[in-house]
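What follows is calculated from the coordinates using simple rules that are stated; it is not laboratory data. None of these values were measured; they are calculated from a predicted model. Reconstructed Cβ throughout: ideal geometry from the backbone, glycine too, with neighbour counts over all protein chains shown.
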Ligand code: HEM
């Protein structure tokens, strides 16, 4: 159990399922918002099990059992086939969905890219984007959709870091292709995550192909250009990937593997980071006391400057706010695995082929693990407090923990502290966001806030 958090007004939350509903109704709800099929009881119980057609499923909120799935018996609980089927056309057998030896060598070859030194080298691009975002907000006439703004900002960062040197038109085209792709993947995933066979038609599958072709050709062009032009003075993500090799076998990624990994980083890293920032700004607007404290920290450290990677260790309260944001609104709010062998989880028998779900949203709001779980209180994370392992998993855990976690934390700190040091954010009556789960935890109609320079 975490430290006692203050109880108080609660920021927006999802309406979880309270009635037992049949498979058709479940599907209809899941098409719109996967959160609505997570039972309310998942915020009180360690495990909830059920069946959907012929598939048995288990939702785990018990940290020990989650540790078994994510760490101790990793190979017995691979990512579910259906999740892989929808991602594979875009990102191939790349790290996010590969298993066993094929996953391991890619992870080892790319891990050095995410050292603190390499991320610090890339951080000036994050600071430059924070600057441009301030300019955009200054021009926004008092109101802006902060989800939209943050999506733009994190896309600029990742596009510059991966496709550095491409012109703005190309980046815009890539952004459109990526949006088409994530929208279609989001819609399909609802059907896939709950275990429907892949032959059931998914409405969005048609769009997906042209978006994927566009993303593939842009990534391949960028790699070919870089091969002729040579590496940059300060290596960007593409240079680092081209140099990456498995320390054991010395095997390097070929062009198709570099392309798939590049797209994996974009797909896995861009919207997740934008959501953390956007939900964080909503929470600051929700609790002005927290916002004032955050601003006081940012202004005393930055003194009018844009934040840099070097400032990050001096922004502990900013880190607390980001951690609490990812507890209440984890961007990856739901993960799913398929059991390959019979097992027992939290006293429940698990059969081969059962679907094991990790509803991070319900885990992070489970009453047995968190005091006043629906309250926003960054002080839970004061003094570098670390919750019990597997009770807080915004970046996953175990060997498959997010490879970009540190990258995302630095980017989020740079952008959040810079924005808060220069602007005041306030809620607009009647325009509170509604959390909707479509692969990631999105605000349904964006996050419109009042924005005033300070
Ligand atoms: C706040 C931002 C982010 C969040 C909340 C997040 C969350 C996650 C989570 C929960 C997983 C584990 C998925 C699972 O086990 O099923 C994951 C994996 C992954 N993430 Fe992130 N992520 C973020 C940012 C990034 C960034 C910036 C990158 C790359 C630039 C990235 C690249 C990846 C990759 C490649 C994996 C797969 C790792 C593996 O399977 O070995 N993520 N992320």
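Protection proxy ranking of 54-62, 320-328, by the mean of other Cβ atoms within 10 Å over each peptide's residues and highest first, is 320-328, 54-62. Each of 420, 234 has some number of other Cβ atoms within 10 Å of its Cβ, and from fewest to most they run 234, 420. Take every Cα pair under 8 Å whose residues are at least 6 apart in sequence, average their separation, divide by the length of the chain, and the relative contact order is 30 percent. Counting only DSSP beta bridges with both residues in the chain, the antiparallel share comes to about 85 percent.
Put simply, when 272-281, 144-153, 96-105, 253-262 are sorted by average Cβ atoms within 10 angstrom per residue, most first, you get 272-281, 144-153, 253-262, 96-105.
Fewest first, what order do 312, 140, 134 take by the number of other Cβ atoms within 10 Å? The partial results should precede the final answer.
Values: 312 21, 140 15, 134 18.
Least crowded to most crowded, the residues run 140, 134, 312.
Between residue 401 and residue 300, the distance separating the two model label sites (each 7 Å from Cα on the Cα→Cβ line) works out to 3.0 nm.
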